[in-house]
1. Six or more apart or on different chains, Cβ atoms under 6 Å: show the pairs whose first residue is in region 142-166 and in a loop (DSSP other than H, G, I, E, B) and whose second is hydrophobic (A, V, I, L, M, F, W, C).
2. Among the residues of region 1-45, write down those that are in a strand (DSSP E or B) and open to solvent by 50 Å² or more (accessible area, probe 1.4 Å).
3. Of everything in region 110-136, what is outside any strand (DSSP E or B) and crowded, with 21+ Cβ neighbours inside 10 Å? Give them in sequence order.
4. May I ask you to say which residue of 209, 269, 195 is open to solvent by 40 Å² or more (accessible area, probe 1.4 Å) and modelled with pLDDT under 95?
5. So which of 314, 360, 308 ends up being open to solvent by less than 10 Å² (accessible area, probe 1.4 Å), over 29 Å from residue 373 (Cα atoms) and out of contact with any strand residue (DSSP E or B) (no Cβ under 7 Å at 6 or more places or on another chain)?
6. Spot the failing condition for residue 377; the list is (1) more than 19 Å from residue 160 (Cβ to Cβ); (2) free of Cβ contacts under 8 Å to residues at least 60 places away in the same chain, and only one is missed.
7. If you take the residues of region 420-459 that are outside any helix (DSSP H, G or I) and basic (Lys, Arg), which of them is surrounded by the most Cβ atoms within 10 Å (Cβ to Cβ)?
Amino acid sequence: MDQSKRYADLSLKEDELIKGGQHILVAYKMKPKDGLGYLEAAAHFAAESSTGTNVEVSTTDDFTRGVDALVYHIDEATEEMRIAYPLGLFDRNITDGRMMIVSFLTLVIGNNQGMGDIEHAKMYDFYMPERVIQLFDGPSKDISDLWRILGRPVKNGGYISGTIIKPKLGLRPKPFAEAAYQFWLGGDFIKNDEPQGNQVFCPLKESIPLVADALKRAQDETGQPKLFSANITADDHYEMCARADFILETFGSDADKVAFLVDGFVGGPGMITTARREYPNQYLHYHRAGHGMITSPSAKRGYTAFVLAKMARLQGASGIHVGTMGFGKMEGGNDDKGIAYMIEQDEAQGPAYFQKWYGLKPTTPIISGGMNALRLPSFFKNLGHGNVINTAGGGSYGHIDSPAAGAISLRQAYECWVAGADPVEYAKSHRELARAFESFPNDADKLYPGWREKLGVNK
């Protein structure tokens, strides 16, 4: 059934829809099955995403038609489809009137992903009007709160050197805490890796007290504050809160230095919102484990990593992993810096829409996945700043001297970039960075040909 007369209006102008402020706009790459008209398929997609079905029904009235989702732009050659969703379509909390990401996803990426007449459809950007921004939580904490704890300026406080305890699984409580202590002697921030929580060989109630003690000892030895991101992910929010409460009680006077890591993609929006609302005084660390199953550029359905990060800011994530923008081991490219700009700035241009955030707190880009001191200068040059958290596991524990030396080499790489210096020349007067060249010789050979001769290192 051709529904284009009801669910499409190509006369609508995007700038007027934005000015009106009564629609959420969504951009997709969509391809119909062979033999189907593009507009016809697009209209069916909009119908299934809002008030329609595959047949006319007798219960539809004039009001219902007033909240139809409308296709307002198509370009078959580029597979471009954009749909305007009236705000009235979206579910609201009965407790406080706020909007929900689950409702947003149910409509814009729900049943339409399984439609028989659609070859593929992937959401790559969306636009939220000011009223909608007001109705989401947004972050309660941001990187400025971490800078304050670390004794830095709360504007442009710079790079936070972090790590992931390696190996990410397989350590018992004492070795786990010792690995944390060794890194903290040189670095700022440690996170549990996403699978590590309460394994039978490393019970949380044994490991967390030891980690809290390691943090105190590292602070005493270095005279510097340290940060720990504890994984509280669980199926059940009661379990998640039980973990969170135990962690805060255990860290005691250092509880402000604890972030809570939540696997937001596999755990879902409810997990993120529970952490955001139950623990607003803690930095909320959104780990996106599993996202690649739909966000990968090779995937033709679902949504992109850009969309995931943008939703995370709405939900209240203080920081979210954004990959390495082509400089580490994770899939992605240099232009992924657009993800960082969208979540950290008060207004930014996305791949389809210019989004204003109207003062909503920023979400920190968290950089991880195969990064080390040798790769960082080019990364910072591409991004244009160093106001990020970098969790370098192998880049710290793979340093031939120690995890602390690995952490220091990361910091030196940032300082090298700030100074505009050549990394090889800078390494001559910074031992930890120099030893990073020896620690990661394959990267050194690729990125800095001739480094051995310059640093006096024999093969």
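The values are calculated or read from the model by the stated rules, or taken from the named source; none is laboratory data. Quantities reported herein were computed from a predicted structural model and do not represent experimental measurements. Counting neighbours? That spans all protein chains shown, and the Cβs are built from the backbone with ideal geometry, glycine included. Remember, those area values only see protein heavy atoms, side chains included, never the ligands or the DNA or RNA. Shrake-Rupley method; radii C 1.70, N 1.55, O 1.52, S 1.80 Å.
1. That search, which allows pairs on different chains as well, returns 154/147; 157/147; 165/179.
2. 29, 31
3. Passing the criteria: 112, 128.
4. 195
5. Of the residues listed, the single one that is open to solvent by less than 10 Å² (accessible area, probe 1.4 Å), over 29 Å from residue 373 (Cα atoms) and out of contact with any strand residue (DSSP E or B) (no Cβ under 7 Å at 6 or more places or on another chain) is 314.
6. It is condition (1) that residue 377 fails.
7. Among residues in region 420-459 that are outside any helix (DSSP H, G or I) and basic (Lys, Arg), the one surrounded by the most Cβ atoms within 10 Å (Cβ to Cβ) is 428.
Per-residue answers, yes or no, for (1) under 30 Å from residue 16 (Cβ atoms); (2) at pLDDT below 95; (3) not small (Gly, Ala, Ser):
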site: 348; (1), (2), (3): yes, no, no
site: 382; (1), (2), (3): no, yes, yes
site: 399; (1), (2), (3): no, no, yes
site: 413; (1), (2), (3): no, no, no
site: 435; (1), (2), (3): no, no, yes
site: 444; (1), (2), (3): no, no, no
